Amino acid sequence: MANHVFETDCKCKSCNGTGIYVGRAERDGAGVQCYKCKGSGKDRIRFEYDDFEGRVVRTDVRRVYRANPGIVIGEREGVFRLEDFGGVSYSEWLNGHAFTPGTEDRQHTCPAWFYQCADYDRKPYWTECGYGTFISCKHFGNKAACWARWDKEFGGK
């Protein structure tokens, strides 16, 4: 149960307060009653929240990653460890450790793939990058070389 509840009436965003919706299928002066406000032009919003008293510590997380590039991150004994996917320990993260170069998932992704999810401003646009899926790029098998290049070009920024 939330500590605070805020409720108020506001102008319906779906119909801009008119009670009538006009979309792609309504033409030549046709309109339909707005489904959201049922034609009233008014919407009721409700916002529930608790006071922030500090970050809550999780007990079920051991490692934190800057982003997930769309792969399963987990452990399988003798195959994968959490460290194989980059990241930092949860205790380091709690203490403010930055996601510095080297904390990316360099084993499973290339710089373009990882930074497309993590920080689009740091995604490289190299002419030799393949088109289509990242793993179909002819350089993906030697992604360590791509990471070395990324470190030189973007790592210090």
| In segment 56-83, how many are without any contact (Cβ under 8 Å) to a residue 12 or more places away in the chain and not hydroxyl-bearing (Ser, Thr, Tyr)? | 11
| Limited to segment 66-103, what total is found for residues that are in contact with a strand residue (DSSP E or B) (Cβ under 8 Å, 6 or more places away or on another chain) and part of a loop (DSSP other than H, G, I, E, B)? | 5
| Hey, Ala67 hits all of (1) assigned by TED's automatic domain parsing to the domain that holds Tyr120; (2) exposed (fewer than 12 other Cβ atoms within 10 Å of the Cβ); (3) small (Gly, Ala, Ser) but one; which does it fall short on? | (2)
| request: State whether one or more residues within segment 41-64 are surrounded by 14 or more Cβ atoms within 10 Å (Cβ to Cβ) and under 30 Å from His139 (Cα atoms). | output: yes
| query | Just to be sure, is Gly132 part of a loop (DSSP other than H, G, I, E, B) and either among the hydroxyl-bearing types (Ser, Thr, Tyr) or within 18 Å of Arg63 (Cα to Cα) (or both)? | reply | no
| said: So for segment 74-81 (the condition being farther than 30 Å from Arg58 by Cα and aromatic (Phe, Trp, Tyr)), does at least one residue qualify? | reply: no
| request: Just one of (1) at pLDDT below 95; (2) in contact with a Ser or Thr (Cβ under 6 Å, 6 or more places away or on another chain) trips up Arg55, so point out which. | output: (2)
| message | Checking the structure you have, find out if any residue of segment 108-121 is without any contact (Cβ under 8 Å) to a residue 12 or more places away in the chain, out of contact with any Asp or Glu (no Cβ under 9 Å at 6 or more places or on another chain), assigned by TED's automatic domain parsing to the domain that holds Gly74 and outside any loop (DSSP other than H, G, I, E, B). | response | yes
| query | For Glu48, which of the numbered conditions (1) farther than 30 Å from Cys10 by Cα; (2) out of contact with any Ser or Thr (no Cβ under 8 Å at 6 or more places or on another chain); (3) not β-branched (Val, Ile, Thr) fails to hold? | reply | (1)
| field | Within segment 122-140, considering residues that are without any contact (Cβ under 8 Å) to a residue 24 or more places away in the chain and under 19 Å from Gly86 (Cβ atoms), the one farthest from the chain's Cα centre (by Cα) | value | Ile135
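The values are calculated or read from the model by the stated rules, or taken from the named source; none is laboratory data. Since the model is a prediction, treat every value here as computed from it, not as a measurement. Note: ideal-geometry Cβ built from the backbone for every residue, glycine included; neighbour counts use all protein chains shown.
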